[in-house]
1. Which residue pairs have Cβ atoms under 6 Å apart, sit 6 or more places apart or on different chains, and have a first residue in the range A:198-221 that is closer than 15 Å to A:ALA167 by Cβ and a second that is modelled with pLDDT of 95 or more and among the β-branched types (Val, Ile, Thr)?
2. Among the residues of the range B:85-111, which ones are surrounded by 18 or more Cβ atoms within 10 Å (Cβ to Cβ) and either within 14 Å of chain A (Cβ to nearest Cβ) or at pLDDT below 95 (or both)?
3. Considering the range A:122-176 alone, what residues qualify as being among the basic types (Lys, Arg) and either more than 25 Å from A:PRO212 (Cβ to Cβ) or outside any strand (DSSP E or B) (or both)?
4. Kindly provide the set of residues from the range A:577-600 that are in a helix (DSSP H, G or I) and in contact with a helix residue (DSSP H, G or I) (Cβ under 9 Å, 6 or more places away or on another chain), ordered by number.
5. Which condition does A:THR262 not pass, out of (1) touching a His at 6+ places or on another chain (Cβ under 6 Å); (2) at positive phi, if it passes all the others?
6. If B:ALA5 passes every condition in (1) in contact with a helix residue (DSSP H, G or I) (Cβ under 7 Å, 6 or more places away or on another chain); (2) over 30 Å from A:CYS59 (Cα atoms) but one, which one does it miss?
7. Exactly one of (1) over 30 Å from A:THR262 (Cα atoms); (2) part of a loop (DSSP other than H, G, I, E, B) is unmet by A:LEU54. Its number?
Amino acid sequence: MRSVRRRALLVLAALALAAAAASVAGRLAHHGPARRSDVALARRTPALGRPGYLGSGACAPCHPAAHATWAASYHRTMTQRAGPGAVLAPFDGRALVGPGGDVSRVERRGDEFWAELRDPEARLARADAGSPLEPVPKVWRRVVMTTGSHHMQVYWVESPRDRRLHALPFAWLIDQARWVPVESTLLRPPQGDVVYTWNRACLPCHAVAGEPRVDAEPIDTRVAELGIACEACHGPGEAHVAAHRSPLARYRTHLSREPDPTIVDPARLDHRRSSELCGQCHSVSRYPDEPAFLAHGDTYRPGAALGDHRQLVRHPVRAAQPWLDAALDEDPEYLAGRMWSDGHVRVTGREYTALLETPCHQRGALSCLTCHQMHGADPDDQLAPAARTDAACTTCHVLQDSREHTRHAALACVDCHMPRTTYGLLKAIRSHVIDSPDLATTLATGRPDACSLCHVDRPLAWTADHLARGYGHPRPDLPPEHETTSAAVLWAIRGDAGQRALAADALAHPQARAAAGADWQAPLLAHLAAFDPYDAVRQIAARSLRALPNPAADLDPLAPPEARARLAAELLARWRAGPRPTPDPARLVTPSGDHDAAALAALAALRDDRPIDLKE
Amino acid sequence: MTADALAARHLRHGWLCLLVFLAAGLALESLHGLKVGAYLDLGHAVRRHMWTLAHAHGALLGLVHLGLAATVRAAPHLATSSHGRAGSLALDAASVLLPLGFFLGGLHHYAGDPGLGVLLVPPGGALLLLAALRILLGLNSVPPDSPEPP
């Protein structure tokens, strides 16, 4: 009896042992390849770790709320190693067709993401040799890193040699849930063959304390942390953490009124220094010693004077900067790609340069932090509560009667003083030079004025009369077309590509629809979405078309030209079948309420086709 | 003080502690239930931690008081020994300092650190340790009227 029980116990023990062994083996079998995959990912992306930096993980234990609000921001996810938690696009085996008919494929293999594309290394080698980039063989490369998580996501494939990263030629538009060629996301003439690499151009602003080391062989790019993390704004944290291990030191800091010397608190810097923190990325600037930057990274650290480490570019009409001549010799379009002719910034992501031209910053105490906060704000624009109302302005600009000043029932200060005249990310964005509508400037620079971006059905003559009556502005001499045709229509149809993009965005903006109606823009936007030579302008026009109530039509702005033309014709026919708008030649509506195709064709023939390449 | 009086005192203190700190526990649960930001927000993680500790220490100290009351009943000589009297006083003081220190430390706090009220906690902890030691020594000491071992 006892031996039977012992045997049963032995069998049970053996079964338990076998189950445990199987479980461990299963775990190891799964863990091994996953670990190898992670190691490969780490070897093919920038190495992490710079002297003096600890990474955001070191901040979380003492500053959990600040860490959590940063973790919820798009700054954190600007650059990520490619993994299931980071990649937003479907890597589902689909074929992606580029502008020249070239096909790439994307697929997922377990937790890895792969793409088939023309060998970027071979293309670069051919470019170095001065040969045409095509044809080169296709290769499968692992996608190892991502850029962006807000508007679009760009993917970077590994180099088999080192830590160099090449862009997959397709990006994922997040709001439209659509793959598009990377070239189509930029407002520039079609470039043909371009191979983008991350290590030089993207590294300074999309990682903390980057060190490109692109002249080394093999390339050994290093960063303190991927993405824009705590130490990008607060400075290297190692000394701070070391100093505050002691509770006595911590309480000394808590009880002191003086700033903690071991870390930078942007809120305690003066308005210039705190804005410079943002300006390290959000500016038009150059490295005074490019080879030193490529070898050792940026020398700027938060809290220092940015101008000691960067050449902060301002337009020659705003400031004399002799060193700018060298940049212009290198690239004569350097300024045109970034600024309007009066020095206002015209591309997004350069808001600090715009702030430098703003009197409220020059003579007042306006800083980036007056309107934006990095912790706890809506991640979309990171606006502080004061900036969601007029409070950011009215603390200094006290108006007895704001309605008397604005002459509108419901307008915010920013609607007139920060109009959407900056371009980027396939949309119009508010200018960060704070100024007032001035038609003389509009005529001289071509930059749309705030009034015409809402009153999209009105000619500049109408605006000039209102500004003269309401604000005593002198009436400028207007060209005849600005007496008769809506300014927004003129910019949309015969402006340069930058103006067309802004006008296409404005024509169906909610404020414009409220001020000017929404029943007449469809033919104009269909024309832009179908026939504009710039992919970016066509995409903006197509998005505006979708915002119009009738006809609800989707015109694929990246379809082949003949398909776009057919879709535009169909859309026009549907529009004609709907309710007709009020006749108004200023918005190209004939007395019978039809679209004035002849007037549109006449304007389109005058389109400003000078190449525009906006460097957002 | 007689043994009965000492035991009765610790019974009162024990049940008082339980009343106060079980009520505090209910209050903390209400803060959870009502999703009060001043308690639950990540920026107040220190407060949540400190007040949880105040509740837990206070309630457990109540049980310790009840345990001491039972101990005094079982070993009445504790009431007359210096160890027993000192242990009793130390436990009383610890029962105030420990939960109060945690509570004040969470009431006003810094990023990642409790407020200065938390300075009451180390002396409170030391007094609790002292109470345990003195009561143990009191239990080991021979009562004056105990019969001589044969």
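The values are calculated or read from the model by the stated rules, or taken from the named source; none is laboratory data. Fair warning: this is a prediction, and the values are worked out from it, not measured in the lab. FYI the Cβ positions are ideal-geometry reconstructions off the backbone, even for glycines, and counts take in every protein chain you see.
1. A:ASN199/A:THR221; A:HIS206/A:THR79
2. B:GLY105, B:HIS109, listed by residue number.
3. Once the filter is applied, which keeps residues that are among the basic types (Lys, Arg) and either more than 25 Å from A:PRO212 (Cβ to Cβ) or outside any strand (DSSP E or B) (or both), the range A:122-176 yields A:ARG123, A:ARG126, A:LYS138, A:ARG161, A:ARG163, A:ARG164.
4. Across the range A:577-600, the qualifying residues are A:PRO585, A:ALA586, A:ARG587, A:ALA597, A:ALA599, A:LEU600.
5. Answer for A:THR262: the failing condition is (2).
6. The failed condition is (1).
7. (1)
Table: residues versus (1) of a type outside the set (A, V, I, L, M); (2) buried (at least 18 other Cβ atoms within 10 Å of the Cβ); (3) touching a residue at least 12 places away in the same chain (Cβ under 8 Å).
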site	(1), (2), (3)
A:HIS375	yes, no, yes
A:ASP390	yes, no, yes
A:ALA410	no, no, no
A:VAL414	no, yes, yes
A:HIS417	yes, yes, yes
A:ARG420	yes, yes, yes
A:LYS427	yes, yes, yes
